[in-house]
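Below is one structure, written out as structure tokens, with a few remarks after it.
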Amino acid sequence: MNELNKDAIRDLLYRMADDQLILGHRNSEWTGLGPILEEDIAFSSMAQDKLGQSLALYTLLHDLGDKDPDTLAFNREEKDFKCCHLVEYPIGGYEFSLMRHFLFDSSEALRFGMLAGSSFSPLAKIARKFRGELRYHTMHADTWIRQLGGANEESRAKIQSSLEFCFPLALGIFEPSDYEKTLAEQGVFPGESELQKEWLAHIEPLLAGSGLSMPDVSSCKPSYGGRKGRHTEHLKPLLDEMTEVYKIDPSAEW
Amino acid sequence: MSLKSLDPRITREGLPETHDASPLGEIHHWGTYEVFHQTKKGDRHIHVGSVHAPNPEMAYILAKEQFARRAPCVSLWVVKTTDVYQTNYRDEDMYENNPEKMYREAGGYKVMERINKYKKDHPQNK
């Protein structure tokens, strides 16, 4: 077998790790403010899972010769981040955070499912390791969406409008990279468009079963740019806040 | 004017600023579910606490993070608290044991003396 393309793999790892880091940080902003105590704890715990997943991927990048995980997480320029726009938005109302959680984690579970068979075995191992965590995350998200979609007119209207707001942002998860062909040919990852297809087929019945109508994909302009380092206005303030303590003394031992 | 607070949960309720007590609807007051935790297959499910939830599905996903986040777990049961029937504490004297019925308890049998005597008399069977 040919040598795997390291640049292609690194690009894929940064996308995934940056999404998890930023969304994990965002979701942790609900800690102490969740709608009820039990949900506050559950959502915070899942935010922590996200940070743990990003650590595993940053560690893998470090093994490939990049800087150490803390430096990658806390000491990179905004333009070097490869996260999609969906994860950058402020937490908004709980209906927005839940919808983002539903759309993102369903795509992540499918992505990890694909990666479990990746030819890049360290990544396949990580993908298998987090399968259980993601199973709970998607079960949590699916249950909440069904709950709010079916509760009353107010909750249904709120969650439907969140869906419509989030949808173009969520399509940005699948922004193609310059390495799609290489990754697919080398058996590392089947590709973003393949994943998007699976994801649409996966969420459609879940949304319909929750009494929600899925926006029309063909008339929806995906929010691209994040994967190329072009971000929304929300990322910079988040990075500043996230790295505030770290930047006081980057060499400090924790 | 509705009540504004630093806590968004209060603000969100749109409560009047006056002190009139108004009844909260069911949506504000979820019932509770009792949670039972099983450590490994075949073991008993053991009661570990309760969660607030509007239905069993929600109870299950909330219970998972409260009670099965760290300890090993293979299965959870959730049961609506109001579906649990219980005896009343005013009847608790019915559980008291009569001290004259020691023979009903394992500790009521004094056998060690007899065992030791047997061992002494039959050293070859030790």
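Bear in mind these aren't lab numbers, they're just calculated from the coordinates by the rules spelled out. These numbers were taken from a predicted model, which means no experiment stands behind them. Here the Cβ positions follow ideal geometry from the backbone for every residue, glycine too, while neighbour counts run over all protein chains shown.
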With 10 Å bins from zero, work out the P(r) of region A:6-248 over every alpha carbon pair and list the percent per bin. 7, 33, 39, 18, 3, 0
Region A:36-144: spread of alpha-carbon positions along the three principal axes, whole Å, largest first, is 43, 32, 22
Acute angle (nearest 10 degrees) that the helix B:56-67 long axis makes with the longest principal axis of chain B, alpha-carbon atoms: 60
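Pairs of alpha-carbon atoms within less than 8 angstrom and 6+ residues apart define the contacts here; what relative contact order does chain A have, in percent?
25
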For region B:23-111, shape from the Cα gyration tensor axes a ≥ b ≥ c, cut at a/c of 1.5 then a/b versus b/c, turns out oblate
What does the C-alpha gyration tensor say about the overall shape of region A:78-197? Classify as rounded when a/c is under 1.5, otherwise prolate if a/b is larger than b/c, or oblate. prolate
Looking only at GluC sites (Glu not before Pro) in DSSP loops with at most 10 other Cβ atoms within 10 Å, what is the longest site-free stretch of chain B? B:18-95
Going by alpha carbons, how many degrees (0 to 90, nearest 10) lie between the helix axis of B:112-121 and the longest principal axis of chain B? 30
Using DSSP to define loop residues, name the GluC sites (Glu not before Pro) in region A:10-112 whose beta-carbon has at most 13 other beta-carbon atoms within 10 Å. A:E77
Prolate/oblate/rounded call for region A:158-242, Cα gyration tensor, a/c under 1.5 rounded: oblate
So what is the calculated 222 nm ellipticity per residue for chain B, using -39500 (n - 2.57) for each DSSP H run with n of 4 or more, over all residues, to the nearest 500 deg cm²/dmol? -6000 deg cm²/dmol
Give a quick list of GluC sites (Glu not before Pro) in region A:156-254 that DSSP marks as loop, anything other than H, G, I, E or B, with at most 12 other Cβ atoms within 10 Å. A:E233, A:E253
Tell me the net charge near A:I145. Cut-off is 13 Å between Cβ atoms, A:I145 excluded, with +1 for each Lys or Arg and -1 for each Asp or Glu. -1
For region B:59-100, which trypsin sites (Lys or Arg not before Pro) are both in a DSSP coil and crowded by at most 16 other Cβ atoms within 10 Å? B:R69, B:R70
Suppose only helical runs count, i.e. DSSP H with n ≥ 4. What mean residue ellipticity at 222 nm does that imply for chain A under -39500 (n - 2.57) per run, divided by all residues and rounded to the nearest 500 deg cm²/dmol? -21000 deg cm²/dmol
Step through the residues of region A:210-221 one at a time and calculate ³J(HN,Hα) from phi using the Karplus curve (6.51 cos²θ - 1.76 cosθ + 1.60, θ = phi - 60°), rounding each to whole Hz and writing x for Gly and Pro. 9, x, 10, 9, 6, x, 6, 5, 5, 9, 10, 8
Which net charge results when you count Lys and Arg as +1 and Asp and Glu as -1 among the other residues whose beta-carbon is under 15 Å from that of A:S161? -1
